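Down below is the structure, laid out as structure tokens.
Any read-out appearing in this document is the output of simple, stated calculations on the displayed coordinates, not a laboratory observation. Here the structure is a predicted model, which is why all the values come from computation and not from measurement. Positions of Cβ are backbone-derived with ideal geometry, glycine not excepted, and every protein chain shown enters the neighbour counts.
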Amino acid sequence: MLSFIGKRLLSGVMALFVVACLTFTLLYVSSGNIARNIMGDQATEEAVAAKARELGLDRPLLLRLGDWLLNAVQLRFGNSWFTNQPVFTAIGARLPLTLTMVLVAIVLIGIVATLLGVTAAVKRGAADRIVQVMAVLAASIPGFIVGIVLVLLFAIQLRWFPAISRISPNSKPADWASSLTLPVIALVLNGIASAAQQIRSAFIKQLELDYVRTLRSRGIAEREILFRHVLRAAAPAGLTVLSLQFIGLLGGVVIIESIFALPGMGRLAVDATTQSDLPLVMGVVIYSVAIVVVVNLLVDIANGWLNPKVRVS
Amino acid sequence: MSDVEVVPTAPAVGQSGTVKRAGVVGRLLKNPMGVIAIVILVVIVASAVFAEFLAPMDPTRATNTVLAGPGGANILGTDSNGRDILSRLFFGAQGTLVSAALAAGVAIGIGLPAGLLAGYYGSWFDSLSSWATNILMALPNMIVLLAVRAVVGPSIPITMMIFGIMVSPGFFRLVRTATQSVRNELYVDAARVAGLSDFRIMARHIFGVVRAPVIIQAAMVCGIAISFQSALEFLGLGDPSASTWGVMINDGFRSIYRQPLALLWPTLAISFTIGGFVLLGNALRDALEDQVKVKEKVAAATTSAVITEVVKTPTTHLLEVADLRIQYPQPGGGRKTVVDGVSWYVDRDEVLGIVGESGSGKSQSAFAVLGLLPDNALVTSGQIIFDGHQTVDTRSQRINQSILSELRGKRISYIPQEPMSNLDPSFTIGSQLVRPMVKTLKISDSEAEKRAMDLLAAVGIKDPRRTFQSYPHQVSGGMAQRVLIAGAISCEPDLIIADEPTTALDVTVQAEVLDVIRELQRELHQGIILVTHNFGVVADICDRVAVMQNGRIVEQGDVRSILRTPQDPYTQMLLESMLVGKTPMTKLITQESMGGLQ
């Protein structure tokens with residue numbers, strides 16, 4: 001089990017390294033354009049070249065990448081080109097809100113999708129059809145449109161929730177709750193529907209296995225078969241579904257934060273993108289991938305623990 | 001009864017591609033979902049192609065009539081720059097479809113060949129591409145697209161090509177798995193032996209298999225690509241002068257308080273287009289799924305009259321099955337009969353063999369006794385009487401589970417065919433033995449554990465303690481089968497149903513397992529039903545035998561007389577096929593028929 005965790009950890013760090021190298025190359029390969037983008041079309045060639053020098057863009061790409069990696073290991077990701085704030089501080093200030101939303105969302109998706117998926121798999125009939133239709137609808141309506149509809153309906157028409165967040169650093173918990181309710185709902189609806197559908201399939205796949213029939217033949221109660229045996233056997237597939245959902249949520253939160261004007265990492269990413277603030281963009285990519293690597297590692301460990309072939313060896 | 005008896009026929013193996021495709025298109029057009037999808041997509045494509053002619057105005061011309069409502073000169077109103085919304089919708093379809101096509105094209109262009117190579121050749125290319133796939137899948141697409149946008153600006157083609165790379169793992173995995181499974185098929189081996197080049201084998205045999213799933217996945221990817229492209233534009237990262245639906249939504253959202261309708265139209269357009277792709281994908285999947293399980297609702301009032309009234313005949317036998325008929329509803333509306341008026345009985349201290357080739361209905365009748373038929377199976381006539389309990393519920397045409405849940409595991413038990421797949425891999429062998437005993441015999445855990453040790457020893461396991469603590473993957477197949485036999489006798493049943501209990505085992509282990517069964521019966525005096533295709537096993541252990549073919553019993557009686565003087569030609573054929581083959585353990589004739597309802 002320990003060597004298994006070690007291997008997964010190593011492959012996670014490798015993935016992070018590869019992504020860092022690729023992203024850095026992609027972002028900085030056309031250094032001429034970068035300085036031009038910042039200075040605008042009116043700037044003279046000399047001014048652009050000066051800016052490029054100032055940002056260190058005239059040095060060879062490989063050297064800059066090496067520098068970045070060395071600094072990144074010490075959690076130094078450079079400074080924003082526009083505010084001069086360290087990237088570490090800028091993201092650190094925005095991350096808690098985003099992580100809160102994403103974690104609440106994934107827990108909600110996990111619970112509701114499992115309930116729906118298992119019900120659909122076991123009861124079939126109407127419950128099954130509802131889950132199937134929900135999955136088609138969720139696939140057809142993009143997350144940002146769900147967000148817009150929720151704002152229109154519950155914030156603008158019914159005025160139950162604020163349309164734009166009232167969160168500030170010294171907000172009260174009640175403000176947090178009322179400001180985050182709609183965004184989190186917008187974030188989870190599609191995920192619940194598609195995860196429920198996938199969990200349903202995983203559960204049905206297990207239900208059709210031979211050992212379930214044999215357990216029934218031994219006189220074990222149906223409830224015990226479902227919750228002790230089948231649910232456990234379907235758990236690895238379910239966890240994998242949720243880990244993919246989690247990756248999707250990190251992207252979805254970008255849109256939702258923009259719709260509801262929430263000061264999270266997603267908004268930061270959009271602003272940095274609009275301004276071509278590359279150190280900040282780079283930081284957001286690395287943070288996101290690091291979060292995914294951690295989550296995937298946890299899922300791998302959980303799956304390893306659930307699988308006696310891995311656990312016992 | 002309006003039953004159409006569907007003669008069980010072999011599913012056409014290796015249908016040629018053209019036949020299959022014509023069938024798929026036909027089924028697609030019969031499915032309302034498919035028709036809706038096609039109509040939507042045709043409308044969208046037409047809007048894109050003929051935008052110049054359809055659009056009443058120049059989509060980029062700004063006017064002073066800002067945010068006008070529908071009606072008047074502008075049929076759907078105007079946006080915040082006074083541009084005509086309807087015209088912009090028509091032109092927006094172009095960008096949307098280009099996005100979808102580019103993303104899907106790039107994703108297929110990478111995923112399909114990579115998946116073929118990785119699945120066909122394996123080795124280092126497989127490891128490398130699988131590793132790259134895992135990294136790609138760990139990247140949040142939206143974040144990557146933002147990074148791309150930061151470098152290249154608002155370019156739909158570049159963004160969507162990068163997105164195509166991001167979603168190529170979907171195709172890669174699909175094609176790789178399909179290729180791996182086809183590669184090991186005999187006909188691919190044959191093609192290789194015949195000297196066909198790898199390229200031709202891939203193009204001809206494997207491409208045909210992966211084509212359909214790739215098309216389905218492509219429909220889905222088109223939908224997702226449109227969603228991401230418009231989301232980026234909605235975030236304000238698109239080109240504000242472009243006539244695309246995402247830009248229109250962005251514009252409409254900013255004027256939401258003044259003219260909500262400006263937001264409605266592009267939102268509808270996007271949702272319908274994505275919905276069209278999703279429905280197309282789903283309809284295609286439905287059309288390709290051959291074995292659609294059809295569940296028939298049985299209206300109790302109409303069917304009860306048809307069923308022969310059950311007269312509870314007092315029977316002296318432990319189990320008596322009379323005139324049993326099991327049917328499955330078919331997609332076309334008919335029913336497939338898998339067991340057709342079968343009658344037999346078994347007594348204590350007796351082993352009844354039910355013999356027949358796969359698909360003869362022998363396992364189906366055994367599962368009916370256990371009440372473990374698939375959900376869609378119907379018991380349309382007959383009775384099953386176990387020790388005075390009639391277990392067929394004639395009204396619902398199903399096995400009465402409330403009666404059987406009292407019998408199953410307690411008085412009737414089951415030894416399955418495939419030892420490894422019949423133990424839950426997540427639990428130790430010990431816990432799988434203890435649990436039923438604690439429930440059924442109402443004994444304590446420690447008592448049950450002690451009993452389990454005795455049982456394991458009784459079925460010939462040398463180190464019961466170690467097996468007790470093992471997980472199923474740690475024991476051999478023969479060992480697992482002994483464990484299953486121990487489980488079957490653990491609650492002292494009166495009747496054991498053994499479904500091919502030795503088929504999956506090595507020849508030497510087969511004999512040992514049969515010995516175990518026979519010795520246990522000598523001590524415990526159960527009745528045993530042994531389902532098998534093997535006359536060697538029948539000769540070895542059975543007292544009486546029933547021979548089944550196509551759901552009917554062709555002959556039954558004392559095992560000696562049937563082995564010596566078989567009356568039915570089918571029995572003679574089965575016996576000859578065994579005796580001519582030199583060892584008694586050869587398989588019976590392998591007529592690949594009856595379509596897998598075993």
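Applying a DSSP loop filter and a limit of 13 other Cβ atoms within 10 Å to the GluC sites (Glu not before Pro) in the range A:185-228 leaves A:Glu208. The long axis of helix B:123-137 is offset from the longest Cα principal axis of chain B by roughly 60 degrees. Against the main long axis of the alpha-carbon atoms of chain B, helix B:245-254 sits at an angle near 70°.
In square nanometres and to one decimal, what's the mean projected area of the convex hull around the Cα atoms of the range A:1-136?
Working: hull surface 56.6 nm².
Orientation-averaged projected area of the Cα hull: 14.1 nm².
Neighbour counts of C-beta atoms inside 10 Å place A:Phe88, B:Phe172 in the sequence A:Phe88, B:Phe172, starting with the fewest. Starting from the alpha-carbon convex hull of the protein assembly as shown, give the projected area averaged over all orientations, in nm². Spelled out: convex hull of the Cα atoms, projected over all directions, averaged, 46.2 nm². Taking the helices alone, chain A has a mean residue ellipticity at 222 nm of -25500 deg cm²/dmol, built from -39,500 (n - 2.57) per DSSP H run of at least 4 residues and averaged over all its residues.
Exposure proxy shown here: for B:Thr133, B:Thr244, the number of other Cβ atoms within 10 Å sets the order, fewest to most, as B:Thr133, B:Thr244. Does anyone have the angle between helix A:278-306 and the longest principal axis of chain A? Alpha-carbon axes, 0 to 90°, nearest 10? Long axis of A:278-306 versus the principal axis of chain A: about 20 degrees.
Rounded to 0.05, the FRET efficiency of the B:Phe272 and B:Asp323 pair, given R0 = 60 Å and the Cβ-Cβ distance, is 0.60. Stokes-Einstein diffusion for chain A, with the hydrodynamic radius set to the Kirkwood value over Cα pairs and evaluated at 4 °C in a medium of 1.567 mPa s, equals 58 µm²/s.
By the count of neighbouring beta-carbon atoms within 10 Å, fewest first, B:Glu233, B:Glu350, A:Glu45, B:Glu519 end up ordered A:Glu45, B:Glu519, B:Glu350, B:Glu233. A viscosity of 0.890 mPa s and a temperature of 25 °C, combined with the Kirkwood radius over C-alpha pairs in the Stokes-Einstein formula, give the range A:154-216 a diffusion coefficient of 163 µm²/s. Using C-alpha pairs under 8 Å with a sequence gap of at least 6, the mean separation divided by the residue count of chain A gives a relative contact order of 28 percent. For the listed residue pairs B:Lys362/B:Lys439; A:Lys7/A:Lys309; B:Lys336/B:Lys410; A:Lys205/A:Lys309; A:Lys123/B:Lys336, the alpha carbons are over 23 angstrom apart in B:Lys362/B:Lys439; B:Lys336/B:Lys410; A:Lys123/B:Lys336.
Treating each Cα of the range A:126-194 as an identical point scatterer and summing with the Debye formula, the log10 of I(q)/I(0) at q = 0.12, 0.22 Å⁻¹ comes to -0.39, -0.91. The convex hull around the C-alpha trace of the range A:57-213, projected and averaged over every direction, spans 15.8 square nanometres.
Which value results when the Cα radius of gyration for the range A:184-293 is divided by 2.2 N^0.38 Å? Against the empirical 2.2 N^0.38 Å value, I get 1.55 for the range A:184-293. Translational diffusion of the range A:2-73 was estimated from the Stokes-Einstein equation, with Rh taken as the Kirkwood radius over Cα pairs; at 25 °C and 0.890 mPa s the coefficient is 173 µm²/s. With helices as the sole contributors, chain B gives -17000 deg cm²/dmol at 222 nm; each DSSP H run of n ≥ 4 counts as -39500 (n - 2.57), and the sum is divided by every residue. Extents of chain B, largest first, come to 99, 61, 58 Å (Cα atoms, principal axes, whole angstrom). Run a plain Debye calculation on the range B:339-412 (Cα atoms as equal point scatterers, no solvent) and give log10 I(q)/I(0) at q = 0.13, 0.28 Å⁻¹, rounded to two decimals, same order as the q list. Taking Cα atoms of the range B:339-412 as identical point scatterers yields -0.38, -1.59. Positive contributions from Lys and Arg (+1) and negative ones from Asp and Glu (-1), summed over other residues with Cβ under 13 Å from the Cβ of B:Gln401, come out at -1.
Only alpha carbons enter this Debye calculation for the range B:58-110, each as an equal point scatterer, and the log10 of I(q)/I(0) it gives at q = 0.30 Å⁻¹ is -1.04.
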